[in-house]
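Below: the structure, in structure tokens.
The values are calculated or read from the model by the stated rules, or taken from the named source; none is laboratory data. All values derive from a computational prediction rather than experimental measurement. Here the Cβ positions follow ideal geometry from the backbone for every residue, glycine too, while neighbour counts run over all protein chains shown.
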Amino acid sequence: MLNFKKLKEIKGDASFRKFYRNKNNHSIVVYAKKEKLKNLLIYDAVNKILIKNKILAPKLLSHNYKDHLIEVEDFGDNTLFKILEKKKTNKEIIFKKTLKILVKLQSIKDKYIINFKNQKYKVKKYNNKILSNEAYLFSEWYAPRKLYSFKMRNFEKKYKKEVKNLLSKLKFKNDTFVHRDFHISNLIYFKNNIAVIDSQDALIGNKAYDLASLVDDVRLKTSNKFKKKILNYYLKKFKKDKKKKFINDFEILSVARNLKIIGIFMRLAERDNKKKYKKMIPYAWQMINYRMQNNIKFKNLKSLLKSNFPEFIK
């Protein structure tokens with residue numbers, strides 16, 4: 001039995017998990033009483049898939065599922081977020097290195113793995129129903145705190161219709177390994193390599209999703225010029241017709257993801273009293289604006305958001 005008093009608690013993320021650093025073992029203890037199937041069993045199963053495909057991910061060192069914990073390899077805390085925050089860092093070099101990891105991730109063909117309970121785990125599909133429900137977090141948590149009840153009911157009905165309509169315009173199939181939280185706080189620079197953490201939500205989905213997570217990340221403000229440069233760098237090997245399809249999906253998924261993020265951040269602030277997340281909401285709006293500008297497919301959604309949230313939509 002681990003003695004938690006001898007371990008150093010690490011500042012947690014947005015989930016129900018708790019993390020402890022075991023310096024003697026060079027390990028991290030992940031404790032999750034709530035949602036422990038996802039946060040312990042599935043997390044390790046996905047890590048096994050990544051490791052099998054030569055992607056640096058936390059190796060399981062020990063587990064005690066009954067006591068709600070696993071112990072995994074510790075890669076330290078030198079996240080790409082910390083590196084990119086420094087003014088002298090060459091952002092372009094870091095992002096290009098990260099894209100190499102993303103391409104490796106997207107090349108994964110494994111959908112099955114045996115977990116530490118000796119059961120077969122299958123990575124599920126990231127279908128439009130899941131994407132819709134995520135985008136609905138905006139109308140569930142953010143919109144009700146900004147609109148009167150009558151206006152809210154009218155907005156919600158129209159908003160859900162527009163989200164479904166927008167997602168129906170996606171071109172790529174759900175056939176790619178998607179991390180789902182592929183951003184700079186979940187990537188750690190370790191021994192001249194980039195380690196991937198927080199992979200428990202991985203699904204088989206749209207090729208454009210993880211790039212949208214990385215390029216349009218709320219945690220790090222980058223110029224529109226820089227975003228375009230990184231997107232074009234990723235797309236350079238694509239043929240013209242595929243490039244067009246990818247940009248279509250990238251923009252749709254970026255908008256849907258940032259609407260989801262606004263909803264999640266409001267939920268974290270209101271329900272879980274994690275007020276710091278509210279500070280990032282204006283930048284999420286900024287990116288929604290940027291991706292919707294001059295694009296006919298967003299016409300109805302843009303009009304709906306503008307009539308209800310005019311302070312954010314240009």
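Quick notes on this structure:
- Qualifying residue in segment 79-86 (condition: modelled with pLDDT under 95 and over 25 Å from Arg17 (Cβ atoms)): yes
- Figure legend. Inter-residue proximity from segment 108-121: first residues surrounded by fewer than 16 Cβ atoms within 10 Å (Cβ to Cβ), second residues assigned to a loop (DSSP other than H, G, I, E, B) and of a type in the set (A, V, I, L, M), beta-carbon distance below 9 Å, spacing 6+ or different chains. Indicated pairs: Asp110/Val123; Lys111/Val123; Tyr112/Val123.
- Filter pass, Tyr159 being of a type in the set (Phe, Trp, Tyr), touching a Lys or Arg at 6+ places or on another chain (Cβ under 9 Å) and within 30 Å of Ser307 (Cα to Cα): no
- The residue list Lys164, Lys117 contains one member that is touching a helix residue (DSSP H, G or I) at 6+ places or on another chain (Cβ under 8 Å) and within 22 Å of Val255 (Cα to Cα), which is Lys164.
- Lys157 passes every criterion in (1) basic (Lys, Arg); (2) surrounded by 15 or more Cβ atoms within 10 Å (Cβ to Cβ); (3) without any contact (Cβ under 8 Å) to a residue 12 or more places away in the chain apart from (2).
- Here the condition is being in a helix (DSSP H, G or I) and either touching a residue at least 60 places away in the same chain (Cβ under 8 Å) or over 14 Å from the mean Cα position of the chain (by Cα) (or both); of Asp249, Asp201, it holds for Asp249 alone.
- Positions within segment 60-95 being in contact (Cβ under 8 Å) with a residue 40 or more places away in the chain, among the hydrophobic types (A, V, I, L, M, F, W, C) and closer than 20 Å to Lys227 by Cβ, in sequence order: Leu80, Phe81, Ile83, Leu84, Phe95
- Test: residue in segment 42-52 that is at pLDDT below 95, within 23 Å of Lys117 (Cα to Cα) and buried (at least 19 other Cβ atoms within 10 Å of the Cβ): no
- Within segment 268-314, tally of residues that are closer than 19 Å to Ile252 by Cβ and assigned to a helix (DSSP H, G or I): 20
- Filter result for Leu301 (hydrophobic (A, V, I, L, M, F, W, C) and in contact with a Leu (Cβ under 7 Å, 6 or more places away or on another chain)): yes
Residues are listed down the side, and each one gets a yes or a no for (1) assigned to a loop (DSSP other than H, G, I, E, B); (2) farther than 27 Å from Ile204 by Cα; (3) touching a residue at least 40 places away in the same chain (Cβ under 8 Å):
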position	(1), (2), (3)
Arg21	no, yes, yes
Asn24	yes, yes, no
Val29	no, yes, yes
Lys34	yes, no, no
Asn39	no, no, yes
Asp44	no, no, yes
Ile51	no, no, no
Lys54	yes, no, yes
Pro58	yes, no, yes
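- All positions within segment 187-198 that are in contact (Cβ under 8 Å) with a residue 24 or more places away in the chain and of a type outside the set (Ser, Thr, Tyr): Leu187, Ile188, Phe190, Asn193, Ile194, Ala195, Val196, Ile197, Asp198
- The C-beta contact set for segment 289-314 (first residue in contact (Cβ under 8 Å) with a residue 60 or more places away in the chain, second residue assigned to a helix (DSSP H, G or I) and small (Gly, Ala, Ser), distance under 8 angstrom, 6+ apart or interchain) comprises Arg291/Ser254; Asn308/Ala143.
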